[in-house]
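Notes follow the structure.
The values are calculated or read from the model by the stated rules, or taken from the named source; none is laboratory data. These figures come from a predicted structure and were not determined experimentally. Note: ideal-geometry Cβ built from the backbone for every residue, glycine included; neighbour counts use all protein chains shown.
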Amino acid sequence: MPLVKVSEILKEADKGGYAVTAFDTFNFETINWVIEAAAELKTATIIMIYPEMTEYIRVDTFAQIVKTLAAKSEYPVGMMLDHGDSYELAMQCLKAGFTSIMVDFSSYEFEENVRRTREVVKAAHAMGVDVEAELGHVGNADTLEDFADDSGYTSPELAKQFVELTECDVLAIAFGSAHGNYVREPKLDMERLDAIKREVSVPLVLHGGTGIPDSQIKEAVKRGIRKLNVGTGYDQTIFYAVQKNIKEDVGEPYIFCTLADAAPAAKAFLKEKISLTRW
């Protein structure tokens with residue numbers, strides 16, 4: 001089926017009380033495995049690309065791959081930029097046919113975050129594309145202060161203002177998660193999530209989903225998270241599967257064979273993460 005806007009996918013998730021898992025990808029295989037895994041579980045999914053990955057694949061090429069593979073699926077597929085850090089990159093994605101984009105100007109002061117986000121939202125909405133924005137600091141999991149220090153967490157009151165001022169369609173919030181491999185088990189601030197949920201009506205997103213305990217992810221979904229972002233775990237699962245196959249001399253000594261042999265491990269990981277947010 002044709003690509004679906006992420007906000008529409010998340011509205012259905014909100015009606016059903018579940019979340020949709022979104023995965024960072026960068027080539028045909030990583031995109032295809034996500035779409036196949038979701039289809040086998042009979043659910044929607046979201047394909048993302050991180051800015052650094054655009055150094056390896058052109059934005060328009062990425063978009064064409066996603067569109068082609070999504071057209072063959074019977075289940076909704078969304079495509080979005082993940083953590084876009086510039087107006088220019090956001091515009092590239094709009095021109096390439098992305099149905100949704102995520103911009104992250106959370107490192108700026110509140111007023112500047114609002115200004116930059118609003119600029120992207122205005123352009124995106126004019127083209128019928130929805131926007132996810134971020135408020136609060138979702139930092140790096142290898143730095144304890146980035147996820148254990150609640151001074152960087154999203155303020156419920158500011159979240160309400162931010163959504164009203166920017167008119168963003170989806171909001172990524174900080175309440176105890178971070179990107180990458182955690183140096184210590186995170187503890188999500190569920191009370192803060194509840195407070196934010198009371199203040200805003202747009203779907204809420206949990207970033208840094210790789211190392212969060214399953215029980216906390218499920219609880220966050222029950223309390224209103226509608227999108228779970230996963231990047232590190234998927235990438236590393238593929239890496240270690242390829243590494244293992246090379247060491248054990250599995251299959252033929254060709255790169256396409258090595259990638260194909262990594263598919264079972266990759267799809268097992270994907271299905272595990274997708275299943276966490278649905279029951």
Count of segment 91-102 residues which are out of contact with any His (no Cβ under 8 Å at 6 or more places or on another chain) and surrounded by 24 or more Cβ atoms within 10 Å (Cβ to Cβ): 5
Qualifying residue in segment 125-133 (condition: in contact with a Phe, Trp or Tyr (Cβ under 7 Å, 6 or more places away or on another chain) and not hydroxyl-bearing (S, T, Y)): yes
Complete set of residues in segment 1-30 that are over 24 Å from D214 (Cα atoms) and of a type outside the set (D, E): M1, P2, L3, V4, K5, S7, F26, N27, F28
Near pairs, Cβ below 7 angstrom, 6+ apart or cross-chain, from segment 86-101 (without any contact (Cβ under 8 Å) to a residue 60 or more places away in the chain and more than 8 Å from V129 (Cα to Cα)) to any residue that is among the β-branched types (V, I, T) and part of a helix (DSSP H, G or I): Y87/V120; A90/V120; Q92/V59; C93/V59; A96/V59
Of residues in segment 1-55 being among the aromatic types (F, W, Y) and within 28 Å of R223 (Cα to Cα), the one nearest to the chain's Cα centre (by Cα): F23
Restricting segment 140-160 to residues that are surrounded by fewer than 20 Cβ atoms within 10 Å (Cβ to Cβ) and farther than 16 Å from L193 by Cα, the residue that is modelled with the lowest pLDDT: D142
Checking S73 against (1) free of Cβ contacts under 8 Å to residues at least 60 places away in the same chain; (2) in contact with a strand residue (DSSP E or B) (Cβ under 9 Å, 6 or more places away or on another chain), the condition it does not meet: (1)
Total residues in segment 195-223, condition assigned to a helix (DSSP H, G or I) and buried (at least 21 other Cβ atoms within 10 Å of the Cβ): 4
Which numbered condition A268 fails, given (1) touching a Lys or Arg at 6+ places or on another chain (Cβ under 9 Å); (2) hydrophobic (A, V, I, L, M, F, W, C); (3) at pLDDT 95 or above: (1)
Number of the condition not met by E252 [criteria: (1) of a type outside the set (K, R); (2) more than 20 Å from the chain's Cα centre (by Cα); (3) farther than 20 Å from I47 by Cβ; (4) modelled with pLDDT of 85 or more]: (4)
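Residues checked against (1) surrounded by fewer than 21 Cβ atoms within 10 Å (Cβ to Cβ); (2) touching a residue at least 60 places away in the same chain (Cβ under 8 Å):
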| position | (1), (2) |
| --- | --- |
| D14 | yes, yes |
| A37 | no, yes |
| I57 | yes, no |
| V77 | no, yes |
Considering residues of segment 103-121 that are free of Cβ contacts under 8 Å to residues at least 40 places away in the same chain and of a type in the set (D, E, K, R) only, the residue nearest to T154 (Cα to Cα): E109
Tally, over segment 103-121, of residues that are in contact with an Asp or Glu (Cβ under 8 Å, 6 or more places away or on another chain) and among the charged types (D, E, K, R): 2
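A quick yes/no check of all residues on (1) aromatic (F, W, Y); (2) without any contact (Cβ under 8 Å) to a residue 60 or more places away in the chain; (3) closer than 18 Å to Y153 by Cβ:
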residue: D189; (1), (2), (3): no, yes, yes
residue: D194; (1), (2), (3): no, yes, yes
residue: E199; (1), (2), (3): no, yes, yes
residue: P203; (1), (2), (3): no, no, no
residue: G208; (1), (2), (3): no, no, yes
residue: I212; (1), (2), (3): no, yes, yes
residue: E219; (1), (2), (3): no, yes, yes
residue: R226; (1), (2), (3): no, no, no
Filtered residue count, segment 224-279, keeping only those that are part of a helix (DSSP H, G or I) and among the acidic types (D, E): 3
